[in-house]
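Each remark here refers to the structure printed beneath this line.
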Amino acid sequence: MEQRHLGRTGLRVSRIGLGTLTWGRDTDEHDAAGLLKAFWEAGGTLVDTADVYGDGEAEYLLGQLIEGLVPRRDLVISTKAGSVPDPDRRFDGSRGHLLAALDASLARLGTDYVDVWHIHAFDPFTPLEETLQALDLAVSSGRARYAGVSNYCGWQLAKAATWQLAAPGTRTRLASTQLEYSLLQRGVEREVLPAALDLGIGLLPSSPLGRGVLTGKYRHATPADSRGASEHMAPFVAPYLDDTATRIVDAVTTAADGLAVTPLQVALAWVRDRPGVAAPIVGARNAQQLTAALSVEALSLPDEICQALDDVSAPLHRYPDHDWSTL
């Protein structure tokens, strides 16, 4: 699998990443082992997790599989901290919480360091410089090799990255940012992506298949074994089952038919090759689904197909976003 630099750093990652959101909950140890082995054998390196996935079970499962199944040195492990199970405070970006969460992640993963450590979300109740100092301490102590953020909007990302760049050699530059990005969700193109491109930050798209909707599986009905039929995941899929999404999925399906490939391959190739994207993070329930996603490696979409998909899924940008002078 092709390797790409993560932002403006020397770290290289596979251009498709393996997500572990469902590990320890919907994906058991046997299926997780099959996923990790298939990913590694295909040349994949980037494995993304978080301390809250499966209440820590995702990290624990990954830790159990490292070395016994896949050598630690062959993986680029990314994890996140900052989300908390507190209805009154969903995110805790305090230095104390973040560093304690990192230590707990390392213990579950059974490793001395993570390759990339992300702040899971912006915490408006903690000074940003305190949150970012946790990243600096993690890197300077060797517990993390690179640092990033997740779910930061444009101004938050720009402020954080600029703060880090203001003291080179003392503060750790942001390597990456992780947000949802697909043909069904192009909101990052308004401000986040331009900021990331300008600042040299690699984008790691989550839900690159539109929460599974872009595979076309929901075109006529909801499969019984799908996320859309799952009690706890149905609300996650529901926003992308509207008329707008249907029009986009139909266009993806038409493109796939014309290229003699699958809608999954078309949708994934589109987001993989967008400017600024380092590696979409793909979550699969089993090795068969993952193999289908990894088959996109050989596919590059023709320019006319990309343009048609761009047009049918184009978000509406209004003042004061891009091209404001033409309004």
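The values are calculated or read from the model by the stated rules, or taken from the named source; none is laboratory data. Since the structure is predicted, the reported quantities are computational estimates derived from the model, not experimental observations. Positions of Cβ are backbone-derived with ideal geometry, glycine not excepted, and every protein chain shown enters the neighbour counts. With ligands, DNA and RNA removed, areas are computed over all heavy atoms of the protein, side chains included. Shrake-Rupley method; radii C 1.70, N 1.55, O 1.52, S 1.80 Å.
A few remarks follow.
- Within segment 16-37, tally of residues that are open to solvent by 20 Å² or more (accessible area, probe 1.4 Å) and touching a helix residue (DSSP H, G or I) at 6+ places or on another chain (Cβ under 7 Å): 6
- Looking only at segment 59-91, and only at residues there that are small (Gly, Ala, Ser) and surrounded by fewer than 22 Cβ atoms within 10 Å (Cβ to Cβ), the one that is farthest from residue 143 (Cα to Cα): 68
- Evaluated against (1) under 26 Å from residue 36 (Cβ atoms); (2) in contact with a helix residue (DSSP H, G or I) (Cβ under 7 Å, 6 or more places away or on another chain); (3) open to solvent by less than 30 Å² (accessible area, probe 1.4 Å); (4) not acidic (Asp, Glu), residue 211 falls short on exactly one condition, (3).
- The listed residues are 292, 278, 256, and the only one of them that is buried (at least 16 other Cβ atoms within 10 Å of the Cβ), of a type in the set (A, V, I, L, M) and within 21 Å of residue 31 (Cβ to Cβ) turns out to be 292.
- Among the residues listed as 167, 175, 251, the single one being crowded, with 18+ Cβ neighbours inside 10 Å, more than 20 Å from the chain's Cα centre (by Cα) and small (Gly, Ala, Ser): 251
- Number of the condition not met by residue 197 [criteria: (1) in a helix (DSSP H, G or I); (2) open to solvent by less than 70 Å² (accessible area, probe 1.4 Å)]: (2)
- Checking 93, 10, 54 one by one, the residue that is touching a residue at least 12 places away in the same chain (Cβ under 8 Å), among the small types (Gly, Ala, Ser) and at negative phi is 93 and no other.
- Scanning segment 96-106 finds no residues that are open to solvent by less than 10 Å² (accessible area, probe 1.4 Å), among the hydrophobic types (A, V, I, L, M, F, W, C) and over 21 Å from residue 137 (Cβ atoms).
Every residue, every condition in (1) at pLDDT 95 or above; (2) part of a loop (DSSP other than H, G, I, E, B), yes or no:
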position: 285; (1), (2): no, yes
position: 289; (1), (2): no, no
position: 295; (1), (2): yes, no
position: 310; (1), (2): yes, no
position: 316; (1), (2): no, yes
position: 325; (1), (2): no, no
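- Candidates 266, 282, 213, filtered to the one that is touching a residue at least 24 places away in the same chain (Cβ under 8 Å), under 22 Å from residue 5 (Cα atoms), in contact with a Leu (Cβ under 9 Å, 6 or more places away or on another chain) and β-branched (Val, Ile, Thr): 282
- Selection within segment 107-128 - open to solvent by 30 Å² or more (accessible area, probe 1.4 Å) and more than 17 Å from residue 150 (Cβ to Cβ): 107, 108, 110, 112, 113, 125, 127
- Residues of segment 39-65 classified as assigned to a helix (DSSP H, G or I), within 18 Å of the chain's Cα centre (by Cα) and of a type in the set (A, V, I, L, M), total: 2
- Failed condition for residue 149, given (1) buried (at least 18 other Cβ atoms within 10 Å of the Cβ); (2) β-branched (Val, Ile, Thr); (3) more than 18 Å from the chain's Cα centre (by Cα): (3)
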